[in-house]
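For reference, the structure is listed below as structure tokens.
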């Protein structure tokens with residue numbers, strides 16, 4: 001039996017995968033994985049997700065260069081969530097050019113941006 | 001417009017919610033929220049999830065006492081994932097009696113338990 005058989009993928013064959021910075025502990029993003037992307041992630045030691053919008057494998061950083069080198073992989077007690085500890089290339093995980101996708105905080109019933117843009121997305125995706 | 005209207009709940013009316021220890025940065029668990037549970041979480045400043053298995057509101061800690069006091073709430077660039085920074089009562093988030101639900105690590109193609117049980121679940125749920 002493969003370690004992959006222990007994962008309980010949902011009705012669409014997907015599980016949520018959280019990427020956390022291995023050094024700082026900061027949560028960078030959450031995306032989705034199917035079985036193939038999780039297997040590739042473990043083999044390559046680089047994060048590979050499943051893009052639900054594009055319905056294809058998403059080799060994180062393929063366009064932006066913001067690859068995630070995978071240090072460790074965990075799964076949870078219900079076997080249906082993956083946690084990756086990663087080294088974030090370029091220090092930017094978010095397509096908005098920020099370190100983390102979780103850059104908006106609830107303050108007095110309003111979402112407030114609390115993280116600065118490190119690099120203009122136009123520069124990231126201009127290739 | 002309410003801050004809740006900016007969240008993109010999925011076809012089941014749910015979003016994933018990650019709970020992270022506000023002090024240590026450790027990821028404790030991931031569960032699901034519907035609109036009502038998220039609103040209650042913000043109002044009470046205590047984590048309230050939606051139990052998919054029981055199909056009802058899940059006031060985290062209602063049975064175990066392992067309440068999560070919410071320090072901050074974030075959401076991500078796609079508006080479909082919530083991040084809670086919490087203070088974990090009792091230092092135990094997982095129903096297995098461990099601090100974190102992510103207690104199994106992939107090592108040489110096998111899942112290995114890397115976190116100890118702090119309290120026997122029988123003692124936690126004996127009430």
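The values are calculated or read from the model by the stated rules, or taken from the named source; none is laboratory data. On a predicted model such as this, the values are computed, not experimentally measured, just so you know. Virtual Cβ from ideal backbone geometry, glycine too; neighbours counted across all protein chains shown.
For the stretch B:44-60, how many residues meet the condition of being in contact with a strand residue (DSSP E or B) (Cβ under 7 Å, 6 or more places away or on another chain) and at positive phi? So the answer is 1. For the residues B:46, B:20, B:39, the requirement of being at pLDDT 95 or above, within 11 Å of residue B:84 (Cα to Cα) and in contact with a helix residue (DSSP H, G or I) (Cβ under 9 Å, 6 or more places away or on another chain) singles out B:46. For the stretch B:1-43, filtering for residues that are within 10 Å of chain A (Cβ to nearest Cβ), touching a strand residue (DSSP E or B) at 6+ places or on another chain (Cβ under 8 Å) and farther than 20 Å from residue B:60 by Cα leaves 3. Looking only at the stretch A:82-105, residues that are without any contact (Cβ under 8 Å) to a residue 12 or more places away in the chain and either surrounded by 19 or more Cβ atoms within 10 Å (Cβ to Cβ) or under 24 Å from residue A:45 (Cβ atoms) (or both) come to 1 in all. The combined condition, being crowded, with 18+ Cβ neighbours inside 10 Å, more than 7 Å from chain A (Cβ to nearest Cβ) and over 25 Å from residue A:73 (Cβ atoms), is fulfilled by residue B:58. The set of residues from the stretch B:1-44 being in a loop (DSSP other than H, G, I, E, B), free of Cβ contacts under 8 Å to residues at least 60 places away in the same chain and surrounded by fewer than 16 Cβ atoms within 10 Å (Cβ to Cβ) comprises B:1, B:2, B:11, B:12, B:13, B:24, B:25. All conditions in (1) touching a strand residue (DSSP E or B) at 6+ places or on another chain (Cβ under 7 Å); (2) closer than 24 Å to residue A:72 by Cβ; (3) part of a loop (DSSP other than H, G, I, E, B) hold for residue B:80, with the sole exception of (2).
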